[in-house]
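The values are calculated or read from the model by the stated rules, or taken from the named source; none is laboratory data. These numbers were taken from a predicted model, which means no experiment stands behind them. Neighbour counts are summed over all protein chains in view; Cβ atoms, including those assigned to glycine, are modelled from backbone coordinates with ideal geometry. For accessibility, only protein heavy atoms count, side chains too; no ligands or nucleic acids. Shrake-Rupley method; radii C 1.70, N 1.55, O 1.52, S 1.80 Å.
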Amino acid sequence: MTAPPVRIALLGAGTVGAAVARRLVGRADLYERRTGRRFELAGVAVRDTARPREGIDPSLITDDAETLVDRADVVVEVMGGIQPARALVERALRRGVPVVTANKQLIAQHGPALHALADEHGTSLEYEGAVVAAVPVLSVVREALAGDVVTAISGVVNGSTNFVLDLVARRGVPFEEAVRQAGELGYLEADPTEDLEGLDAAAKIVILARAAWGVPVTLEDVQRRGIADLTDEDFRQAAGAGTVIKLVASAWCRGSAGHRRVEVAVRPVALPQDDPLAQARESANVLIIEAESAGTLRLQGAGAGGDETASAVLGDIVRVVRRG
Ligand SMILES: NC(=O)c1ccc[n+]([C@@H]2O[C@H](COP(=O)([O-])OP(=O)(O)OC[C@H]3O[C@@H](n4cnc5c(N)ncnc54)[C@H](OP(=O)(O)O)[C@@H]3O)[C@@H](O)[C@H]2O)c1
């Protein structure tokens, strides 16, 4: 007897959701080979049901996300924001349905409570795409390094601010003009606060610190300074000293079991030109993981983008389906 299809509810069809839908439909054969189950798009929840969605069967589009969640075997939340995303994720978990999300703010703010709910109902919550999109850093920290001890993580984890900083450092564009250009080119949102104030980077480093050390770090624990108040004089001084300013997110652990203290920070740092984080060009992301036995590991790649994030989201879906 063939296994029944996996009915996937997609909540959101924006940059990430549309890319997930494209691959779910276009590469169905691949996922069937990898899991032994056929993936079936059960429906796609959006706000504006009248807007045409390229590559998605119009009969699948709905604005009734709750009913869609109730009909699914796996829920994929890529709508963003806290509500109604949180309520929908909770609804799925309460039914024992696994959830895959790319929503970093939801996980940074409510991850521990959502994990507890998933455990209570014998299901799982996955979010590789929430942290540096395509770069599989959560898998490395949680799975590949399960036999080691991570001591520190640092990274350039916000491509938008890195694009701005790179324009200033390598092209000599004045800071305010670089912010304007980044907005025009679509690297910054209309309201760039989340990027410029380091809130996006803070959410990512909080999620990583929890994954590395299993501690209940929160956004309030982050020593945070964004790049919004940097001046052209700061950049001149950094260049004069042979350094380059990067927005660095870091987390480190001191002490041993029982007396562990985890610290998390996001701040602009003047780095020597040959520092691996100083090498991050344009919107690239770079992460350095230090572990007791493994030494220094370096991960690099696209920290944003529809297809890139879809890679991580689909990887999570394959994992939860394989687990059964
Ligand atoms: N974009 C990236 O590169 C990237 C990378 C990593 C992680 N993420 C995360 O992935 C998530 C999605 O990002 P995105 O860039 O794809 O966002 P987006 O382009 O703004 O798309 C959001 C989608 O969700 C739908 N939606 C929003 N609120 C809704 C509601 N209340 N009910 C039903 N549907 C709703 C929207 O519907 P309409 O189409 O009708 O407006 C849209 O289809 C976010 O949490 C983001 O942080 C994004």
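Quick notes on this one:
- Total residues in region 75-102, condition within 15 Å of the ligand (Cβ to nearest atom), in contact with a strand residue (DSSP E or B) (Cβ under 7 Å, 6 or more places away or on another chain) and not in a loop (DSSP other than H, G, I, E, B): 10
- Residues of region 67-102 satisfying the condition of being of a type in the set (Gly, Ala, Ser) and crowded, with 17+ Cβ neighbours inside 10 Å: Ala72, Gly80, Ala85, Ala92, Ala102
- Residue check for Ala169: touching a strand residue (DSSP E or B) at 6+ places or on another chain (Cβ under 9 Å) and open to solvent by 20 Å² or more (accessible area, probe 1.4 Å): yes
- Matching residues, region 266-297, being surrounded by 16 or more Cβ atoms within 10 Å (Cβ to Cβ) and either of a type in the set (Lys, Arg) or within 16 Å of the ligand (Cβ to nearest atom) (or both): Arg267, Ser283, Ala284, Asn285, Leu287
- Just one of (1) more than 16 Å from the ligand (Cβ to nearest atom); (2) in a helix (DSSP H, G or I) fails for Ile245. It is (2).
- Among the candidates Val20, Val44, Val16, residue that is among the hydrophobic types (A, V, I, L, M, F, W, C), open to solvent by 10 Å² or more (accessible area, probe 1.4 Å), within 16 Å of the ligand (Cβ to nearest atom) and in the same structural domain as Lys104 (by TED's automatic domain parsing): Val16
- Within region 74-85, residues that are in contact (Cβ under 8 Å) with a residue 24 or more places away in the chain reach partners that are near the ligand (Cβ under 7 Å from one of its atoms) and of a type in the set (Gly, Ala, Ser) with beta carbons closer than 6 Å, at six or more positions or on different chains, in the pairs Val78/Gly12; Val78/Gly17; Val78/Ala102; Met79/Gly12.
- Asp64 closer than 24 Å to Arg319 by Cα and surrounded by fewer than 19 Cβ atoms within 10 Å (Cβ to Cβ): no
- Out of Glu54, Glu66, sole residue that is more than 9 Å from the ligand (Cβ to nearest atom), closer than 26 Å to Gly324 by Cβ and free of Cβ contacts under 8 Å to residues at least 60 places away in the same chain: Glu66
- Residues (assigned to a loop (DSSP other than H, G, I, E, B) and of a type in the set (D, E, K, R)) located in region 277-297: Arg281, Glu282, Glu292
- Unmet requirement for Gly26, which otherwise passes all of (1) more than 16 Å from the ligand (Cβ to nearest atom); (2) open to solvent by less than 20 Å² (accessible area, probe 1.4 Å): (2)
- Total residues in region 141-166, condition surrounded by 19 or more Cβ atoms within 10 Å (Cβ to Cβ) and either in a helix (DSSP H, G or I) or within 16 Å of the ligand (Cβ to nearest atom) (or both): 13
- Residue list for region 212-230, restricted to those being buried (at least 23 other Cβ atoms within 10 Å of the Cβ) and not in a loop (DSSP other than H, G, I, E, B): Ala212, Val222
- Those residues of region 303-324 which are in contact with a strand residue (DSSP E or B) (Cβ under 7 Å, 6 or more places away or on another chain) and within 16 Å of the ligand (Cβ to nearest atom), in sequence order: Gly303, Glu308, Val313, Asp316, Ile317
- Qualifying residue in region 250-269 (condition: part of a strand (DSSP E or B) and without any contact (Cβ under 8 Å) to a residue 24 or more places away in the chain): yes
- For Gln300, the criteria (1) in a strand (DSSP E or B); (2) open to solvent by less than 70 Å² (accessible area, probe 1.4 Å) hold in every case but one, which is (2).
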